[in-house]
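The values are calculated or read from the model by the stated rules, or taken from the named source; none is laboratory data. Computed from a predicted structure; not experimentally measured. Cβ sites come from the backbone with ideal geometry, for glycine too, and all protein chains shown count toward neighbours.
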Amino acid sequence: MFVEVHATNLKAGWVEVICGSMFSGKTEELIRRLRRAQIALQSIDLFKPSIDNRYHEEEVVSHSGNSIPSRPVTSSQQILLYASGAKVVGIDEAQFFDAELPIVIQQLANRGSRVIVAGLDMDYTGKPFGPMPAILAQAEFITKVHAICQKCGSLANYSYRKVPSKNQIVLGEKESYEPRCRVCFSSGDK
C-alpha cells in the first residue's frame, strides 16, 4: 500500500525511492509525482545521468512516451549545485550515478527538500546496482514496482539481458532487455 506523503507530515525533507526492473513503470511514477508537486505549486528540479540519452538529451521520458524537462549531469555533485532552491528534487536512473549520490541525496533532504529517486535496484545479473542499495537503506519511503514477465506472464522483478555483453551498463530497450520473474530469470531460457 502506498501512502502519499504531504509536506505537513514531516518537518524536514525526506527521501522516496521508486525501484524495480526495467519496464516496471519507475520513470512513469517519478513523472507522476513531480507533476503532482507542480500542481501543488512546489518548485521542482529533475536530474538524469548524461549518459542516458536513449529518448531525449534533456528530458526524462518514460517507455510510454510521457516526458518532463530535466537537467543531464555527469556527476552527483552537480545536483547539489543546480538544485539549490528546489522544494522537490527528482533523480532518474540513479543506478548510473557515482558512489557519492547517497551523500548528495542526504544533503538535499537535510536542507528540507523532498527527494524522489527512481532506478533499477538490480543489474542484469540480479545483483544490487550502483548506489541504489545505500539509497534504499537511507530512504524514508520505498515503492517497489513490477513489470510482467515476458516468458510466463507472472510479476517480473528482474531485467534479463538478451544481448551478449559482460559490461554492467549497456543502454538499451526492448531489443536488449526483457522483464522476467524469478523462475524465468533463473532458468536463463531465451
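Taking the stated definitions as given, is residue 134 at pLDDT 95 or above, more than 14 Å from residue 123 (Cβ to Cβ) and under 16 Å from the mean Cα position of the chain (by Cα)?
yes
Here are some residues: 101, 136, 81, 155. Which one is surrounded by fewer than 17 Cβ atoms within 10 Å (Cβ to Cβ) and touching a residue at least 12 places away in the same chain (Cβ under 8 Å)?
Selected residue: 155, the only one of 101, 136, 81, 155 that is surrounded by fewer than 17 Cβ atoms within 10 Å (Cβ to Cβ) and touching a residue at least 12 places away in the same chain (Cβ under 8 Å).
Residue 129 fails exactly one of the following numbered conditions: (1) free of Cβ contacts under 8 Å to residues at least 12 places away in the same chain; (2) under 30 Å from residue 43 (Cα atoms). What is the number of that condition?
For residue 129, the failing item is (1).
Being at pLDDT 95 or above and either polar (S, T, N, Q) or not in a helix (DSSP H, G or I) (or both) is the filter here; which residues of segment 170-184 pass it?
Matches in segment 170-184: 179, 180, 181.
Taking the conditions exactly as written (over 15 Å from the mean Cα position of the chain (by Cα), surrounded by 23 or more Cβ atoms within 10 Å (Cβ to Cβ) and among the aliphatic types (A, V, I, L, M)), does residue 109 satisfy them or not?
no
Within segment 119-128, identify whether any single residue is out of contact with any Cys (no Cβ under 7 Å at 6 or more places or on another chain), charged (D, E, K, R) and under 19 Å from residue 79 (Cβ atoms), and answer yes or no.
Within segment 119-128, none of the residues are out of contact with any Cys (no Cβ under 7 Å at 6 or more places or on another chain), charged (D, E, K, R) and under 19 Å from residue 79 (Cβ atoms).
Matching residues to (1) in contact with a Ser or Thr (Cβ under 6 Å, 6 or more places away or on another chain); (2) closer than 21 Å to residue 30 by Cβ; (3) modelled with pLDDT of 95 or more; (4) not in a loop (DSSP other than H, G, I, E, B):
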position	(1), (2), (3), (4)
104	yes, yes, yes, yes
109	no, yes, yes, yes
143	no, yes, yes, yes
186	no, no, no, yes
189	no, no, no, no
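Suppose we filter segment 1-43 for residues that are modelled with pLDDT of 95 or more and β-branched (Val, Ile, Thr); how many remain?
Summing the residues that are modelled with pLDDT of 95 or more and β-branched (Val, Ile, Thr) in segment 1-43 gives 4.
When segment 62-90 is examined, which residues are found to be modelled with pLDDT under 90 and either part of a helix (DSSP H, G or I) or out of contact with any strand residue (DSSP E or B) (no Cβ under 7 Å at 6 or more places or on another chain) (or both)?
Matches in segment 62-90: 62, 63, 64, 65, 66, 84, 85.
Take segment 91-132 and flag every residue that is among the basic types (Lys, Arg) and in contact with a strand residue (DSSP E or B) (Cβ under 8 Å, 6 or more places away or on another chain).
Within segment 91-132, 114 is the sole residue that qualifies.
Taking segment 112-123 as the search range and keeping residues that are buried (at least 21 other Cβ atoms within 10 Å of the Cβ) and part of a loop (DSSP other than H, G, I, E, B), which one is nearest to the chain's Cα centre (by Cα)?
For segment 112-123, the residue satisfying everything is 121.
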